[in-house]
Amino acid sequence: MRHPLILALAGSLAACSGGSSGGPASTVNSAATRAPAPVLMPSQSVRDAGLEGVIGANSAGLLGQFGKARIDLKEGFARKLQFADENCVLDIFLYPLQSGQEPVATHIEARNRQTGTALDKAACAKTLRNGAKK
């Protein structure tokens, strides 16, 4: 009578530990975390809002437009470039669109340097471009 109970408990424990053997499931999951997922580009309306040449640009293109970055932060596959003057802070986030490709700008945030209040992204970019040309 004892044997069926022990076998039932052993079967239950084996079922709870599924996937811990390091078999194919764990290999697939770890491989998936190494490659970045494709990033979708923003809609055409975002690009037409005075941010032409920013969305889709690589870091060299952005540094050419805005000058030296105040912050250049790399985290995994992503990169953040921050440009600022006395009033405006522009954060540009770059991600590879496909595995193995160079990161490009996919997202932009702009804010007032003193208050943190959101600013018009295109106006901030224009101001920073003009300052970089001086």
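The values are calculated or read from the model by the stated rules, or taken from the named source; none is laboratory data. All values derive from a computational prediction rather than experimental measurement. With ideal geometry, Cβ positions are generated from the backbone for all residues, glycine too; neighbour counts draw on all protein chains shown. We work out accessible area using only protein heavy atoms, side chains counted, and drop any ligands, DNA or RNA first. Shrake-Rupley method; radii C 1.70, N 1.55, O 1.52, S 1.80 Å.
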Inset, instruction - Tell me which of these Q82 doesn't satisfy, since it passes every other one: (1) among the polar types (S, T, N, Q); (2) open to solvent by 90 Å² or more (accessible area, probe 1.4 Å); (3) modelled with pLDDT of 95 or more. - result: (2)
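For (1) modelled with pLDDT of 95 or more; (2) farther than 21 Å from K121 by Cβ, each residue gets a yes or a no:
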{"residue": "G23", "(1), (2)": "no, yes"}
{"residue": "V28", "(1), (2)": "no, yes"}
{"residue": "D48", "(1), (2)": "no, no"}
{"residue": "D91", "(1), (2)": "yes, no"}
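How many residues are assigned to a strand (DSSP E or B) and surrounded by 14 or more Cβ atoms within 10 Å (Cβ to Cβ) when one looks only at region 86-134? Write out each step before concluding.
Taking region 86-134 first, the residues assigned to a strand (DSSP E or B) are 88-95, 104-112, 118.
Among the residues that remain, those that are also surrounded by 14 or more Cβ atoms within 10 Å (Cβ to Cβ) are: 88-95, 104-111.
Number satisfying all stated conditions: 16.
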Inset, instruction - Given the conditions (1) assigned to a loop (DSSP other than H, G, I, E, B); (2) surrounded by fewer than 18 Cβ atoms within 10 Å (Cβ to Cβ); (3) at pLDDT 95 or above, report the number of the one that G53 does not fulfil. - result: (3)
